[in-house]
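Presented below is the structure to which this report refers.
Derivation of every value follows stated rules applied to the coordinates shown; laboratory data play no part. In this text, all values refer to a predicted model and were calculated from it rather than measured experimentally. Backbone-built Cβ (ideal geometry, glycine too); neighbour counts: all protein chains shown.
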Amino acid sequence: MKDYKNIKLLILDCDGVLTDGKIIYDDNRTEIRNFSAKDGLGIKLLPFANIQVAVISGKKSETLARRCEDLGIRHVFQKVRNKLKTAEELMKQLNLNWENVAFMGDDWNDFPIVKRAYITSAPADSFEDFQKKVDFVTRRNGGEGAVREFIEHILKELGVYDKTVEKLVAHLENS
């Protein structure tokens, strides 16, 4: 059983994790993605537990930039060819190591980080062979609460879930 006490950073993939993995193109070359409000509120819990959030995506998307801005995610990397290198550069900047990292991805392009992050997760609808490589497979699909489920799992393992929810609720009441 892993000890989560050193987790200080959650890194997330976008498509298939924060979204349902579908990308809709319209005639104006606009891309549309579905994000879960439940995941968003889960992400808002993390600062109250002193855990930072980063998103590393292989694609560039204005919708992702806007979603991250709405959620207060400061560490957003798009159109990344080498996710591992980007993660390592961020960790160096934040003075963290792999023992401090939780990661959620959904496919083989995320595997280099999965091999190194201390705690790893995949959504229920990721491919079965990929799921065998992670520590925690959610019951929910990507873009449908999987990120929230993983966040709650981390906070419960840390023993801070109830206190973190109380802090968020107090913050919402006072804002």
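Couple of notes before you dig in:
- Counting only Cβ charges, +1 for Lys and Arg and -1 for Asp and Glu, the dipole size of the range 38-134 around its Cα centre is about 300 debye.
- Annotation: amide H of V134 has no partner in the under-5 Å range at sequence separation 5 or more or interchain, hydrogens built in the peptide plane.
- Members of K60/K132; K22/K60; K22/K83 lying beyond 19 Å, as alpha-carbon distances in this model show: K60/K132; K22/K83
- Share, in percent, of DSSP beta bridges within the chain that are antiparallel, nearest 5: 15 percent
- GNM result for the chain, Cα springs below 10 Å: residue of Y118, Y25, Y161 fluctuating most strongly: Y25
- A dipole drawn for the chain from +1 and -1 charges on Cβ atoms has a positive end, and of L168, L9, L94 the residue lying farthest that way is L94.
- With both labels modelled 7 Å from their Cα along Cα-to-Cβ, the D26 to H171 distance reads 3.3 nm.
- Every helix of 4 or more DSSP H residues in the chain counts as -39500 (n - 2.57), and over all residues that averages to -11000 deg cm²/dmol at 222 nm.
- Computed over the range 6-143, relative contact order equals 28 percent, with contacts defined as Cα pairs under 8 Å that lie 6+ residues apart.
- Rounded if a/c under 1.5, otherwise prolate or oblate - the chain, Cα gyration tensor axes: rounded
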